[in-house]
Protein chains: 2
Amino acid sequence: MNLALIGVGLIGGSIGLAARTRIDGARVRGFDLSEGALTLALEREVIDEAASSIAEAVDGAEVCFVCCPVGALADAVRQALAAGGDCVVSDVGSTKRAVIDGLEAPGLQEADVSRFVGGHPLAGAEASGVEHARADLFDGATWYLTPTQRASGMLYERLYRTISSFGARPTAIDAGTHDRLMATVSHLPHVLANVLVGQAARALLEERQRLPATGPSFRDATRVAGTNPAVWRDVFLSNRGAIEAELESFVGELGDVLARLRSGDAGALEGWIERARSERQRLLELELAGGPVSELRVSVPNKPGIVAQVALALGEAGVNIVDMALYPAADMQSGAIALWVAGERGAQRAVELIGHLGYPVAPVADGGDF
Amino acid sequence: MNLALIGVGLIGGSIGLAARTRIDGARVRGFDLSEGALTLALEREVIDEAASSIAEAVDGAEVCFVCCPVGALADAVRQALAAGGDCVVSDVGSTKRAVIDGLEAPGLQEADVSRFVGGHPLAGAEASGVEHARADLFDGATWYLTPTQRASGMLYERLYRTISSFGARPTAIDAGTHDRLMATVSHLPHVLANVLVGQAARALLEERQRLPATGPSFRDATRVAGTNPAVWRDVFLSNRGAIEAELESFVGELGDVLARLRSGDAGALEGWIERARSERQRLLELELAGGPVSELRVSVPNKPGIVAQVALALGEAGVNIVDMALYPAADMQSGAIALWVAGERGAQRAVELIGHLGYPVAPVADGGDF
């Protein structure tokens, strides 16, 4: 099978490695605007051959993955389709409607459009660049596919099989639904983080105060603030409609909170927090295919080696940590570790093990800031 | 010195232990609405003596700490002051205006009011209850004090010295300023987390979808959603004014984001994200007294022992981890660790050490979701 890669960064590079190591007889031809990336891709044997244009990369290919930044996707996909042939063209962008809308531009024939199936693998992001590409990046990962009514069934099936052979789980989803979901669980949190960090910076500056050590919630909520401005500018723009709707709905909800605060209705406030509690728990459990998740808090001296000691004790006993957060105190000498552990038995075992180490530990009924 | 504790939970209990172990000749008398907590406090030698009322606890005391939930604070403080004597009365609540306003209720004399100085130690929260109390809980912690114009200077000084002897750093701040700061860095993030989790739960339910594994940002932003409804209801209510102002300002900012999205102004969007980036960096660095903080991402197999291995390698080399987050992939078999490390040298060293372990690691220029 011949594959074409347009863009050989982390995702494109990992597709190349996965194809070359897991598909018998796969040959990968790659194109990238960066000469350096292309050279490195050849050196790392991510691709068999470097092409000097999109059309050259696609020539003779059966599957083409367009792996370039969201802002450049629509154009690159159009070029890959315009190169003709019998190739199914997909992409790996984190928004899907904009690429499909881009197919409506003049110049593409219906036969070409039918060869496009959008995609979005939920993997990557720890670091960019072909130097971090791995053949196993997609093992077990959901890989959304967003075929339209116009997509060829035969080519969809070819793409599906290819992605499956990378170890991923292809999951069909409507492009609009995909974009609304991403707006909710990814784009909206990024917007909130950016706004929150700005509001806090101004408030602290005005009051000539440092950030009080009390805010694990603030630290969590602003962790992604300022993420890669050029990339996220394009993500926001390419999913404008859905993000606008999410923001409007969010503003509406904040209005409801304001009304509850102004009325001073303690019962309504408590009920609202209770609902959030059960909703978060349900989302975490769904994510783990139904298993319960327990949160533990451990008080520890904040010095090198403690996190290791705790994690090691749990690791040796086979207790897996689903999620973790560290909250150092202001002095950086004491702090808390928040642990989320799968399964009630895992949580009990974790409490025992950490207790043996001599650190105060407890399941969290409360938590948050102090 | 005689101390009175009204409420012997985590904070009250830790004050008792700190006083009894660090102040020569300290005698601590405690009162709690819970018989069980009081018995346990005696057993753990947190207090010397149990009182059967607030007045009895305060009788003959020189310093009294009211350590009960925010909703019950104003009333307990009034009772402690009404008991008379020469005792400075303080509290440990996370909002400060409401207690001070409570002093205006009829029945208290000016001389009594002058004996109150509000306080808020930035410590605790990992787990509640006297069983988790520790003498060293306040070591190095900021302890806000909010004296009013009416407070006795002599009594303020007595309180200041007592708190210093617990190992904490008393820091005077205007009560209103304190509450605005807390509204920004703690209460607002809790509101946003609650709203966000609700919006996502509805969206996912509507679309019959599970939470996509793509959302480290969502996980971070909703970690405190649903935190202790009864406690947070009272925190929200007791700081209504400041939270309302923060929410209104936040809604205004979201309106600006909406305008930028609607106009499709790429430059304005990018500039806004750039500002958030530098604001977050500045806040982190201020928090660490000016030192730079570097973010690293490590790709790891998600199995027991890996976090330990990484943390151990850094710990043994003396590299301190300022903040940490785990992002398991959907399959729970691979994932990423985000590490924040203080100092450029620390970051370089961490990259070397983790590289030796064989895991891909890189300083983050991007990050966020994928």
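So here's what we get for this one:
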read-out	value
10 Å Cβ neighbours from other chains, averaged over peptide A:265-275	6
Fraction of beta bridges assigned by DSSP in the protein assembly as shown that are antiparallel (%, nearest 5)	55 percent
Sorted peptide list for B:10-21, B:64-75, B:144-155, criterion being average Cβ within 10 angstrom, highest first	B:10-21, B:64-75, B:144-155
Shape category assigned to segment B:77-117 from the gyration tensor of Cα positions, a/c cut at 1.5	oblate
Label point distance in nm, residue A:244-residue B:278, each placed 7 Å from Cα along Cα→Cβ	3.0 nm
Per-bin percent of Cα-Cα distances, segment A:140-293 [10 Å]	9, 22, 34, 22, 9, 4, 0
Relative contact order, percent, chain B [alpha-carbon distance under 8 Å, six or more residues apart]	12 percent
Calculated FRET efficiency for the pair residue B:208/residue A:59, C-beta based, R₀ 60 Å, to 0.05	0.90
Chain A, accessible surface, carbon-and-sulfur percent (1.4 angstrom probe)	49 percent
Cα-based Kirkwood hydrodynamic radius, segment A:73-221, one decimal, Å	18.0 Å
Residue-averaged beta-carbon neighbours from other chains (10 angstrom radius) around B:244-254	5
B/A buried area, accessible surface, summed, 1.4 Å probe, Å²	12800 Å²
Inter-copy spacing of residue B:60 label points, which lie 7 Å from Cα along Cα→Cβ, given in nm from shortest upward	9.8
Expected 222 nm ellipticity per residue - DSSP helices of 4 or more, -39500 (n - 2.57), all of chain A, to 500	-15000 deg cm²/dmol
Averaged over B:234-243, number of beta-carbon atoms from partner chains that fall within 10 Å	3
Exam field: residue A:148 pseudo-label spacings to other copies (7 Å along Cα-Cβ), nanometres	6.7
Solvent-accessible area per residue, Å², over segment A:1-115 with all protein chains present [probe radius 1.4 Å]	40 Å²
Amide N proximity, segment B:65-101 versus residue B:111 label position 7 Å along Cα-to-Cβ, cut-off under 11 Å	B:84-86
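The values are calculated or read from the model by the stated rules, or taken from the named source; none is laboratory data. Remember, predicted model here, so these are calculated numbers, not experimental data. Heads up, the Cβs are rebuilt from the backbone with ideal geometry, glycines too, and the neighbour counts pull from every protein chain shown. Quick note on the areas: whole protein, heavy atoms, side chains included, nothing else; ligands and nucleic acids left out. Shrake-Rupley method; radii C 1.70, N 1.55, O 1.52, S 1.80 Å.
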